[in-house]
There are 2 protein chains.
Amino acid sequence: MKVHVVGAGPGDPELITVKGLRLIAEADIVVLDRLVPKELGGEKSVPISSLQDPVRFMAVNAREGRKVVWLKNGDPSVFGRLLEVCAELSQWGVQCEVVPGDSSAIAVPELFGIPLTLPGVHSFTVLTAVKRGREALSSKEIPRCGTLVILMGLGVIGHLKRELLKVRDPDEGVAVLSWSGESRMEAVGNLRDLDRLSSGFKPPAVIVVGEGVKKRVPFAVEEPSLNERSCLRANSVMGD
Amino acid sequence: MKVHVVGAGPGDPELITVKGLRLIAEADIVVLDRLVPKELGGEKSVPISSLQDPVRFMAVNAREGRKVVWLKNGDPSVFGRLLEVCAELSQWGVQCEVVPGDSSAIAVPELFGIPLTLPGVHSFTVLTAVKRGREALSSKEIPRCGTLVILMGLGVIGHLKRELLKVRDPDEGVAVLSWSGESRMEAVGNLRDLDRLSSGFKPPAVIVVGEGVKKRVPFAVEEPSLNERSCLRANSVMGD
């Protein structure tokens, strides 16, 4: 008895893996996390918000012989509660098989032409601005060098800016990015203006700090998706 | 005129994205980086090692109207020289379109059941142990908290261990991981034994430092790939 925990990628339905798509085709039930495009699960879709106890639902169905896929946004091992969830399922005697997906932390900057590593920048750190239990990120946890990719930042933007400025240069480039298969929005400027830049965004957004923001990949053009979804694009570049 | 720079994922041909596979199907020429599975490019494959000037080759073919895909290991924006390569192509008047792929830095730990984030661990950093110009990583560049994912570490393992021990606990968990569609090998222990654990590995390997190494995801079973490749598995777990 098994549940496949599958990364759906950063939002564009074509950025799921071939293996992920195959497992969906073979599945009886596809439980979708919030933000996962519904067309991926098709008629098999069960939104996680409609379930009182999602793990119990998946375990019971797997035990009754149904093939269950749990589609998670991005990659399941990046802020995906993978450890807790698989431990819970194993208490039901149900195994997890994990299928990696494109993490939004890497793919979203990339789709805006922002490289995470470049000459002189040999590392990047992915952080969440709000830890579980609602404790906010402290400057001690922020590396002094390398690119930063910050998730869940919008709700604590004032605090986040203060903590960032304790360890990073106010003139460093910062980008606030919002991307899905349907819409995209970006604001680019200097770290000192992070709060101003992020106004007008709604969660989820990815915040990138570092050199790559000012050294964009030339001509990283994005093609519309195969499935011809309506492509609303609110491209607002606010620079200094 | 355009070259598609496509992430091939961490090695298993089924872990490329649906979009990446479609672009390969539509392409006339598929240039493969070292380590990318050859079956992905099929008869269109041109190994990059066979080309004297790969960028010139791709640019000339794109300018002559051929559809060119450049398949890169993992994700192109993670230590993939994306910025330099797209800048070079643009000098030929050729644009890059970038298609994200599953980065080995995330997918390889995940396929061994090692979560990068977990309760109490809210960040992870991806670093290369050898910077361009062959300068090795220094302890100043290594964050004191969060999970570390280190690439290119095998060639400088003694130096790497010394620098890690300046900022991290010798009792922290460490894993040396090697994974491709064809074979897998792991060694797990404490940071103080990193050099011993890594003996017997050949590049490329991924080194993970942090709590996730000792709190593995239960039952993260990997299925054999669809295409039934011979699955040689040298699973050697060396623990303390």
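The values are calculated or read from the model by the stated rules, or taken from the named source; none is laboratory data. Source: prediction; values computed, not measured. In this analysis, Cβ positions are derived from the backbone assuming ideal geometry, glycine residues included, and neighbour counts consider all displayed protein chains. Side chains included, ligands, DNA and RNA excluded: accessible areas come from the protein's heavy atoms. Shrake-Rupley method; radii C 1.70, N 1.55, O 1.52, S 1.80 Å.
Could you check the stretch B:204-216 and list, in sequence order, the residues that are open to solvent by 70 Å² or more (accessible area, probe 1.4 Å) and under 16 Å from B:L127 (Cβ atoms)?
Going through the stretch B:204-216, the residues open to solvent by 70 Å² or more (accessible area, probe 1.4 Å) turn out to be B:204, B:211, B:214-216.
Matches in the stretch B:204-216: B:P204 only.
List the number of the failed condition for A:C145; all other conditions in (1) within 18 Å of the chain's Cα centre (by Cα); (2) modelled with pLDDT under 95 hold.
(1)
Might you let me know whether the stretch A:39-46 holds any residue that is farther than 13 Å from A:V6 by Cβ, assigned to a helix (DSSP H, G or I), β-branched (V, I, T) and at pLDDT 95 or above?
no
Could we say that A:L160 is in a helix (DSSP H, G or I), open to solvent by less than 10 Å² (accessible area, probe 1.4 Å) and either facing another protein chain (nearest Cβ under 7 Å) or within 26 Å of A:S198 (Cβ to Cβ) (or both) here? Steps first, please.
Details: in a helix (DSSP H, G or I): yes; open to solvent by less than 10 Å² (accessible area, probe 1.4 Å): yes; either facing another protein chain (nearest Cβ under 7 Å) or within 26 Å of A:S198 (Cβ to Cβ) (or both): yes.
Against the criterion (in a helix (DSSP H, G or I), open to solvent by less than 10 Å² (accessible area, probe 1.4 Å) and either facing another protein chain (nearest Cβ under 7 Å) or within 26 Å of A:S198 (Cβ to Cβ) (or both)), A:L160 qualifies.
Please go through the stretch B:85-123 and pick out each residue that is within 7 Å of another protein chain (Cβ to nearest Cβ) and open to solvent by 20 Å² or more (accessible area, probe 1.4 Å).
Across the stretch B:85-123, the qualifying residues are B:A87, B:S90, B:Q95, B:P119, B:H122.
For residues that are open to solvent by 20 Å² or more (accessible area, probe 1.4 Å), out of contact with any Ser or Thr (no Cβ under 9 Å at 6 or more places or on another chain) and within 17 Å of B:G101 (Cα to Cα), tally how many sit in the stretch B:1-20.
Selection size over the stretch B:1-20: 1.
Among the numbered criteria (1) at positive phi; (2) at pLDDT 95 or above, which single criterion is violated by A:L35?
Here A:L35 clears every test but (2).
Only one of (1) open to solvent by 40 Å² or more (accessible area, probe 1.4 Å); (2) of a type in the set (D, E, K, R); (3) within 19 Å of A:V99 (Cα to Cα) fails for A:D33. Which number is that?
The failed condition is (1).
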